[in-house]
Amino acid sequence: MIKLPLKNLRPGMVPVQSVYNSKGASYLVRGVPLTATYIQRLRQLGIQKIYITSTEPDLEIKPPEDVLQEETRKAAVDHVYHLFENVQQQKLMDIGPVEKAADAIIGDLVLRRKNLVQLTDIRTYDSYTFAHSVNVAVLSAILGTLCEMDAKHMHELTLGALLHDLGKTRVPQEVLNKEGGLTDEEFDLIKLHPRWGSEMILAMRMPGTAMFAICARQHHEHLDGRGYPYGLQGNQIHLYGRIAAIADVYDALTSLRPYKKPYPPHVAHHIMSNCSPGQFDEDLLKLFFTNVAIYPVGTVLLTQHGYGIVYKVIFGQTERPRIVLFADPEGHRCPPRMVDLYLEREVAVNKVLTGTELFHFIDQMGFDPATLLVDTE
């Protein structure tokens with residue numbers, strides 16, 4: 001897997017990510033080979049880089065299967081979009097379609113429990129809130145299943161996560177999508193969206209709204225009390241709020257925003273595990289990352305034994321995947337050799353090659369290690 005700028009894309013290359021608009025319509029579907037028309041459309045959309053499975057257009061490597069079906073994701077984004085649109089236009093807030101989307105997400109997870117969370121999508125700026133809401137719901141539902149929640153609690157959690165950013169409908173778009181730092185006044189406005197979202201959900205006055213509102217109200221609270229809007233701490237934060245907080249930050253870190261580039265999964269893992277003490281429930285965080293492909297299949301790593309491409313990631317062993325070594329530490333080709341980093345604990349991962357580094361590395365060697373994902377038994 002390699003992240004390439006559009007100028008280096010060629011017809012036939014297979015994208016690892018889908019690209020879609022605010023209403024859930026796909027501009028590009030992951031796993032479907034690129035065409036000249038697709039590449040031109042990406043250029044028109046302002047997309048600068050995408051992940052592909054290989055630099056070889058004729059190498060048909062499909063990306064790992066996602067935890068969510070494409071149709072389920074598209075429908076969920078569409079339903080969230082229309083709900084938020086109705087709220088902004090002060091129309092009746094009908095959450096029936098969003099409830100169905102929550103149940104469809106849960107249904108997919110039940111059928112696809114063997115699939116790890118992979119890089120799944122690229123969002124244009126106007127679609128961020130809607131697609132982000134769906135991703136947070138998916139990630140929250142995964143944690144809910146790992147916590148062995150029953151059907152009722154799974155429904156409450158997943159629907160609540162889909163609605164967690166409803167309060168952002170009251171925040172001006174120019175503030176939400178501002179490039180550069182926010183003023184104190186703008187950040188104070190942003191910090192009101194959890195309270196606004198909770199109030200809007202409670203105002204629906206239908207059975208279960210008190211539980212659906214928890215994710216909206218608490219997803220920015222920190223266990224150490226330094227979150228917002230209420231400064232809750234410890235057991236004052238409901239399990240739903242703790243779960244939504246992890247899902248919200250992970251998806252935000254790995255997403256493209258006007259003010260930041262997306263972080264790859266291993267960097268998001270490092271930030272959340274090491275740079276934010278006191279923010280998250282540590283047990284839930286560890287549980288979460290057992291189901292996230294920290295080093296997705298196709299990632300090229302530099303270990304103390306040399307360069308290897310990630311061949312397989314296993315539940316509970318996501319920090320130590322199975323790789324195929326193909327070059328020594330100096331970058332010279334060597335016979336491919338399978339190494340299970342979970343079993344060979346002494347082998348350290350020193351570096352993850354970025355898209356630019358990997359592109360030049362492939363060019364220098366005259367060999368794309370992605371071919372090993374096809375040829376290795």
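Throughout, read-outs are computed from the coordinates displayed, never taken from laboratory work. All figures in this text were calculated on a predicted structure; none of them were measured in a lab. Note: ideal-geometry Cβ built from the backbone for every residue, glycine included; neighbour counts use all protein chains shown.
Data table
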read-out	value
Per DSSP, loop chymotrypsin sites (Phe, Trp or Tyr not before Pro) in the range 206-304 with at most 12 further Cβ within 10 Å	Y259
Theoretical gain in end-to-end length, A36 to M206 [0.36 nm per residue, Cα-Cα removed]	56.2 nm
Where GluC sites (Glu not before Pro) fall in DSSP loop in the range 123-219, at most 12 other Cβ within 10 Å	E148, E179
Eligible lysines near K100 by straight Cα distance, threshold 25 Å, same-chain separation 8 or greater	K23, K74, K91, K114, K152, K168
FRET efficiency estimate (nearest 0.05) - Cβ-Cβ, L256 to K7, R0 22 angstrom	0.75
Whole-Hz couplings from phi, Karplus 6.51/-1.76/1.60, listed for the range 191-201; x for Gly and Pro	5, 8, 5, x, 5, 4, x, 4, 5, 5, 5
In the range 304-377, trypsin sites (Lys or Arg not before Pro) in a DSSP loop with at most 11 other beta-carbon atoms within 10 Å	R345
Extension gain, H332 back to L192 (0.36 nm per residue minus Cα-Cα distance, nm)	44.9 nm
Prolate/oblate/rounded call for the range 109-257, Cα gyration tensor, a/c under 1.5 rounded	oblate
Spin-label model distance (nm) - Q90 vs L182, 7 Å beyond Cα toward Cβ	2.5 nm
